[in-house]
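Colleague: Can you read through this structure? Questions will come right after.
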Amino acid sequence: MTALHEARFYETLESSKVLCTLCPHDCRIANGARGACAVRYNHNGKLYTLVYDKVVAREVNPIEKKPLFHFYPGSQAYSISTVGCNLRCSFCQNWYISQWPKDHLPKHIEITREQGSEFICPQLENIEHGVVGEAVTPETIVQSTKATGCLSVSYTFTEPTIFYELAYDTAVIARDQGLKNTFVSNGYISEAPLRELATVLDAANIDLKFFREDTYRRVSRAKLQPILDAIHLYYELGVWLEITTLIIPGLNDSDDELKHIADFIHDINPAIPWHVTQYYPAYKMDRPHTPLETLRRAREIGLETGLRYVYEGNVPGEGGENTYCYQCGALLIERFGFYIKQNRIIHSCCPECHAHIDGVGMSGV
Ligand code: SF4
């Protein structure tokens, strides 16, 4: 049986129920049941994370794969994840690990399907939980990051909020040893954990999937406003921030919705990079690939709104992945997919007009 590790950010309620306050779902979890993410488990009024020592993926990636284009471009990120997610996106492109706990949940275990209100799950006789992954400690992750020559640890692939305890403990050690930490997240995290996380976090790429409450609820089983609030807070807390929107035909590809997203980012800071990426069929959604023209239109909307950096993703070689100077238009970083062909930035400035180029470590590694 997987070792249990007590979770953070919860309160014990009456009748051995718990209230998990890690993410905006605010699950009230009955004794013996799990939260909506299916990896946080109430046993006798104590909440446990089932994934603290269950790492399901760890690999070295270019930081551009996150995508983070303005954070030490050309560096390598030691990238880890566990199974699980607090959202249920029907188009998830990492569904085989993000939705694993829900799709493989033993029949006798129930998860909370309703959040923020009273919901009673059946009492259970045992605590079998069937979470996959290898036992890897925070210390081992940091050692591996250094041994592979990576600059940063990236908490990614699934939703790192739901493996908060592992991510935070690792990030503290990594920071102490001179490494950077980055989150690739859906932004569904509550204020208190985010404030704590930001003390050891250097950069984040947050998904802003839609700009409509009804679409978030219907397709991802989440609410829009907490994500907008979290994006603001990440920025206010000084974490380097980039935003990604997967453009799905017929779902979020209208000019109106793209303009709303671009305006939202611009109102925070036009220097925040926006990645508009190509959808392809995955998990339970089977729509056609996003046409290249749609990505180009989204990029144009972002640039016309005044954003300094807008990138097309998942379409290597199309040119929409290069960095150009927002002031004089000079080519600064030429990319092919996740790989950098040339970086012309000198001391974080454009070599032509000397404009300051936003980001961290932009002159390359
Ligand atoms: S879905 Fe969110 S609130 Fe519910 S148990 Fe998981 S992390 Fe906690």
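Colleague: Taking only region 8-39 into account, find how many residues are surrounded by fewer than 24 Cβ atoms within 10 Å (Cβ to Cβ) and either of a type in the set (A, V, I, L, M) or more than 16 Å from Tyr164 (Cα to Cα) (or both). I'd like the intermediate steps shown before the answer.
Modeller: In the first step, residues of region 8-39 are kept if they are surrounded by fewer than 24 Cβ atoms within 10 Å (Cβ to Cβ); the result is 8-17, 19, 21, 24-26, 28, 30-32.
Right, trim to either of a type in the set (A, V, I, L, M) or more than 16 Å from Tyr164 (Cα to Cα) (or both) and you get 11-17, 19, 28, 30-32.
Selection size over region 8-39: 12.
Colleague: Residues of region 88-105 being closer than 25 Å to Pro138 by Cα and crowded, with 24+ Cβ neighbours inside 10 Å, which ones?
Modeller: Listed by number, the residues that qualify are Ser98, Pro101.
Results for (1) under 30 Å from Ile333 (Cβ atoms); (2) within 15 Å of the ligand (Cβ to nearest atom); (3) at pLDDT below 90, shown as yes or no for each residue.
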| site | (1), (2), (3) |
| --- | --- |
| Tyr48 | no, yes, no |
| Glu59 | yes, no, no |
| His70 | yes, no, no |
| Cys85 | no, yes, no |
| Arg88 | no, yes, no |
| Ile97 | no, no, yes |
| His104 | no, no, yes |
| Glu110 | no, yes, yes |
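Colleague: May I pose another question? Looking for something away from the ligand (no atom under 13 Å from the Cβ), part of a helix (DSSP H, G or I) and basic (Lys, Arg) - is there at least one such residue anywhere in region 178-187?
Modeller: no
Colleague: Taking region 10-21 on its own, how many of its residues are more than 22 Å from the chain's Cα centre (by Cα), within 16 Å of the ligand (Cβ to nearest atom), not in a strand (DSSP E or B) and not small (Gly, Ala, Ser)?
Modeller: Result for region 10-21: 2.
Colleague: On to the next question. Any residue that is closer than 20 Å to Cys85 by Cα and in a strand (DSSP E or B) - is there at least one of those in region 246-256?
Modeller: yes
Colleague: Next up: Among the residues of region 22-38, how many are touching a Cys at 6+ places or on another chain (Cβ under 9 Å), in a loop (DSSP other than H, G, I, E, B), within 9 Å of the ligand (Cβ to nearest atom) and at negative phi?
Modeller: Counting residues in region 22-38 that are touching a Cys at 6+ places or on another chain (Cβ under 9 Å), in a loop (DSSP other than H, G, I, E, B), within 9 Å of the ligand (Cβ to nearest atom) and at negative phi gives 7.
Colleague: Going by the structure shown, is Ile63 within 16 Å of the ligand (Cβ to nearest atom), buried (at least 24 other Cβ atoms within 10 Å of the Cβ) and touching a residue at least 24 places away in the same chain (Cβ under 8 Å)?
Modeller: Against the criterion (within 16 Å of the ligand (Cβ to nearest atom), buried (at least 24 other Cβ atoms within 10 Å of the Cβ) and touching a residue at least 24 places away in the same chain (Cβ under 8 Å)), Ile63 does not qualify.
Colleague: Somewhere in region 51-58, is a residue out of contact with any Ser or Thr (no Cβ under 6 Å at 6 or more places or on another chain), under 18 Å from Ser144 (Cβ atoms) and surrounded by 23 or more Cβ atoms within 10 Å (Cβ to Cβ)?
Modeller: Within region 51-58 (the criterion being out of contact with any Ser or Thr (no Cβ under 6 Å at 6 or more places or on another chain), under 18 Å from Ser144 (Cβ atoms) and surrounded by 23 or more Cβ atoms within 10 Å (Cβ to Cβ)), the answer is yes, since at least one residue qualifies.
Colleague: Still on this structure, I have one more. Pull out all pairs, ordered by first then second residue, where Cβ-Cβ is under 6 Å, the residues are six or more apart or on different chains, the first lies in region 151-176 and is within 16 Å of Cys85 (Cβ to Cβ) and more than 14 Å from the ligand (Cβ to nearest atom), and the second is polar (S, T, N, Q) and assigned to a loop (DSSP other than H, G, I, E, B).
Modeller: Short answer, once both residue conditions are applied: Phe157/Asn94.
Colleague: To continue, here is another question. Return the pair list, or none, for Cβ contacts closer than 9 Å from residues in region 6-26 that are free of Cβ contacts under 8 Å to residues at least 24 places away in the same chain to residues that are among the acidic types (Asp, Glu) and within 7 Å of the ligand (Cβ to nearest atom), at least 6 apart or on different chains.
Modeller: Leu19/Asp26
Colleague: Could you say which residue among Tyr280, Tyr235 is surrounded by fewer than 19 Cβ atoms within 10 Å (Cβ to Cβ), assigned to a loop (DSSP other than H, G, I, E, B) and not hydrophobic (A, V, I, L, M, F, W, C)? Break it down into steps so the answer makes sense when it comes.
Modeller: On the way: Tyr235 fails: assigned to a loop (DSSP other than H, G, I, E, B).
Answer to the selection: Tyr280.
Colleague: Look at region 72-83 and say how many of its residues are more than 16 Å from the ligand (Cβ to nearest atom) and assigned to a strand (DSSP E or B).
Modeller: Residues meeting the conditions: 5.
Colleague: Any residue in region 281-301 that is within 30 Å of Asn343 (Cα to Cα) and touching a Phe, Trp or Tyr at 6+ places or on another chain (Cβ under 7 Å)?
Modeller: So far as region 281-301 goes, yes, one or more of its residues are within 30 Å of Asn343 (Cα to Cα) and touching a Phe, Trp or Tyr at 6+ places or on another chain (Cβ under 7 Å).
Colleague: Return yes when Asn42 is buried (at least 24 other Cβ atoms within 10 Å of the Cβ), free of Cβ contacts under 8 Å to residues at least 60 places away in the same chain and within 16 Å of the ligand (Cβ to nearest atom) and no when it is not.
Modeller: Spelling it out, Asn42 is indeed buried (at least 24 other Cβ atoms within 10 Å of the Cβ), free of Cβ contacts under 8 Å to residues at least 60 places away in the same chain and within 16 Å of the ligand (Cβ to nearest atom).
The values are calculated or read from the model by the stated rules, or taken from the named source; none is laboratory data. The shown structure was predicted, so the numbers you read here are calculated from the model rather than taken from an experiment. Backbone-built Cβ (ideal geometry, glycine too); neighbour counts: all protein chains shown.
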